[in-house]
Amino acid sequence: MLRKAAADLQRRVFPPAGKPPVWGPWWGRPVGRVLDHVIYNTEVHGKDRIPAGGPVIFAANHLSYLDGPVMVGAAPRYMHVLVKHDMFSGFLGGVLTASGQISIDRAGDRRALQRAKLVLQSGSCIGILPEGTRGAGTAASVSSGVAWLALASAAPVVPVALLGTRHPGEHRNKIPPPRRKIHVSFGEPALIEREPGVSGRVSMDRAAERIRALLAGHVRSAIELTGQPLPEDETDQLSANPIEGKDS
């Protein structure tokens, strides 16, 4: 019954070809703020780097189930977050839909990207976890979807480093205990432009690599700033493999 109700709600307020309801993040962000500053002890860095108006793509590393809500609560701008499609079921699916989040199939989902593009074209913000799945959070790879979105919308990409939502040795499914220290660091926005004289595929690949390097470099800078390591001591891997495009 709950799954059917959630599906009905999604069809009513989030038509397949349209953008998500603009009012969703109005209540979704306050929930994120409670998560950040009441349940957890979140320190936010670099909010002054975020453009005050116009479209923005927030691209964050991915450690934990909490990453999306923590980013939403920390940002000074409302945003719609791309969330994997299998989370959109039951009660949680109804909440995600009502709060304006966008369901996306990680195997490839042009319709979800088109929805996100509509949001950006209206001057609003999109949040994305381009690593695609919870892991070490080093941004060793990112999906081509974030590159397509950046090129198609001309919106600046703001790298977001999330640290502390999962600690070394913790399982990927673990929810951190209340009052844990979490860090959210926003980097400098970057415009990702299509390269002249190269094919669309090559331009997309180069854009994805630039975003990956941008995010990975910012994560490294955030680790140096906060002293908070990534899960499984992946800071050693970052130190051993310097990444071009460092931006903090």
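The values are calculated or read from the model by the stated rules, or taken from the named source; none is laboratory data. Because the structure is a prediction, the values reported are computed rather than measured. Note that each Cβ is placed from the backbone with ideal geometry, even for glycine, and that neighbours are counted across all protein chains shown. Please note that ligands, DNA and RNA were not included when accessible areas were found on the heavy atoms of the full protein model with its side chains. Shrake-Rupley method; radii C 1.70, N 1.55, O 1.52, S 1.80 Å.
Rounded to the nearest whole Hz, the Karplus-based 3J(HN,Hα) values (6.51 cos²θ - 1.76 cosθ + 1.60, θ = phi - 60°) of region 95-104 follow the sequence 5, 4, 5, 5, 8, x, 7, 10, 6, 9, with x at glycine and proline. Legend: residues TRP23, TRP148, sorted from most to least accessible area (1.4 Å probe; ligands, DNA and RNA excluded), read TRP23, TRP148.
In the structure shown, the pairs LYS19/LYS84; LYS117/LYS174; LYS47/LYS174 are assessed against 22 Å; a Cα-Cα span above that value is assigned to LYS117/LYS174; LYS47/LYS174. Summary value for the chain: 25 percent relative contact order, contacts being C-alpha pairs under 8 angstrom separated by 6+ residues. DSSP beta bridges in the chain, what fraction antiparallel, as a percent rounded to 5? Antiparallel: roughly 20 percent of the beta bridges in the chain. Put VAL83, VAL56, VAL202 in order of accessible area, highest first, and with a 1.4 Å probe you get VAL202, VAL83, VAL56. Of all DSSP-defined beta bridges confined to region 77-192, some 45% are antiparallel rather than parallel. For region 27-40, 3J(HN,Hα) computed residue by residue from phi via the Karplus equation (6.51, -1.76, 1.60; θ = phi - 60°) reads 9, x, 5, x, 4, x, 5, 4, 4, 5, 10, 10, 6, 10 Hz, glycine and proline entered as x. Residues whose amide H lies under 5 Å from that of ILE104, counting only those 5 or more places away or on a different chain, are VAL83, LYS84, HIS85; hydrogens are built 1.01 Å from N in the peptide plane.
Protection proxy ranking, highest mean first, for peptides 131-140, 33-42, 191-200, 68-77: 68-77, 131-140, 33-42, 191-200, where packing is the per-residue count of other beta-carbon atoms within 10 Å, averaged. Considering only Cα atoms, the convex hull volume of region 134-176 works out to 94 Å³ per residue.
Looking at the chain, the accessible area is 45 square angstrom per residue; that uses a 1.4 Å probe and ignores ligands, DNA and RNA. Rolled with a 1.4 Å probe across the full set of protein chains, the surface gives LYS19 an accessible area near 80 Å². Can you send over the carbon and sulfur percentage of the accessible area for the chain, probe radius 1.4 Å, protein chains only? Here carbon and sulfur together make up 55 percent of the probe-accessible area. Quick check on region 28-171: take the gyration tensor over C-alpha atoms, sort the square-rooted eigenvalues as a ≥ b ≥ c, and tell me if it's rounded (a/c under 1.5), prolate or oblate. Because its axes are fairly even, with a/c under 1.5, region 28-171 counts as rounded.
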